[in-house]
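Below: one structure, written as structure tokens.
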């Protein structure tokens, strides 16, 4: 996001109940098998297959997360992140030649202070093996502007319309699906969205199959959980694609022109191939950040994307251009790699230099 790299999150360490000084106690009173805020690296996620079903009437959603994992060390438990999710069931199956064998139920322990769950297996999970975890869960759409949250807008005739959007940076993917929610745990993602017939669904990658009420999106590039995104709404698009509420569709044309020219500029000037097959820019009515660089599906505050040729000023146009350029620079440069916290300053400096340099060149060439 525009402000994200400048923000520092202060974590207040929670009071951890312990039975032996180093073993936290899960919400059901059993010992939780992990006592650190950072996840263990004995289990590595390879691929997420997500089915998300939001209900914009009840403002809730259900989900199924199938996660293919690789075991690096023998263990009986898998620790991952989950926040405000009600886990209804969890199973595990050993895979052979990519095919899951007999599923076995897993015991689920929750440790809310660290936003972690532990899936316990009766049989040991062997190092070098691959497994598929299947987790069913339910939750409410978030009331804030993070996680998988509800948003709304008013039409010209005063009617309120609802939509659901995501903002996962830095650690809110765990509010939408159980996951290894640290940037170093990169994986591929397949997303399926169930929706009402009056809505459309968007995600990081292009749609590969559209069902009556379920849209399937292509497997993503390998990326961190905070870059995953999906939206269910009744927006219209200008087909890079711009999405906005129907009443403001006419204000998307400049953003489309700017985005296309900026992407062409980045590719030609820096000789870098844009890594994704599509790019969506979506104006969200309620959005906390200026914008968020989800890979292939950038979300914006409306004022950072929409330009009205009658009421908007020249400074508004320049600011919109800069924000679009900033987020697209993330797509072309920053999102290709993920730096640890110690290198965020270098990442910010690199991105800022690229954006400022690009703005000067584009301004001189009068391309926008």
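Derivation of every value follows stated rules applied to the coordinates shown; laboratory data play no part. Quick caveat: nothing in here was measured; it's all calculated off a predicted structure. Positions of Cβ are generated from backbone atoms using ideal geometry, with glycine treated the same way; all protein chains shown enter the neighbour counts.
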Report summary line: Cα-based Rg then Dmax for the range 165-269, in Å, read 15.5, 43
Requested in this report: Please report 260, 71, 310 as a ranked list, fewest other C-beta atoms within 10 angstrom at the top and most at the bottom.
Outcome: 310, 260, 71
Requested in this report: Return, for the Cα atoms of the range 36-145, the radius of gyration and Dmax in Å, separated by a comma.
Outcome: 14.6, 45
Query raised in the report: To the nearest Å, what is the center-to-center distance of the range 192-242 and the range 124-154, using C-alpha atoms only?
Result: 16 Å
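What's the exposure ranking of 184, 313, 165, going from fewest to most Cβ atoms within 10 Å? Working shown, then result.
Values: 184 13, 313 10, 165 27.
With the sparsest Cβ surroundings first, the list reads 313, 184, 165.
Using alpha carbons only, what's the Rg to Rh ratio of the range 24-234 with Rh from Kirkwood?
Details: Rg = 17.5 Å, Rh = 17.7 Å.
Value, to two decimals: 0.99.
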Report task. Kindly put 182, 302 in sequence by how many other C-beta atoms sit within 10 Å of each C-beta, fewest to most. Result -> 302, 182
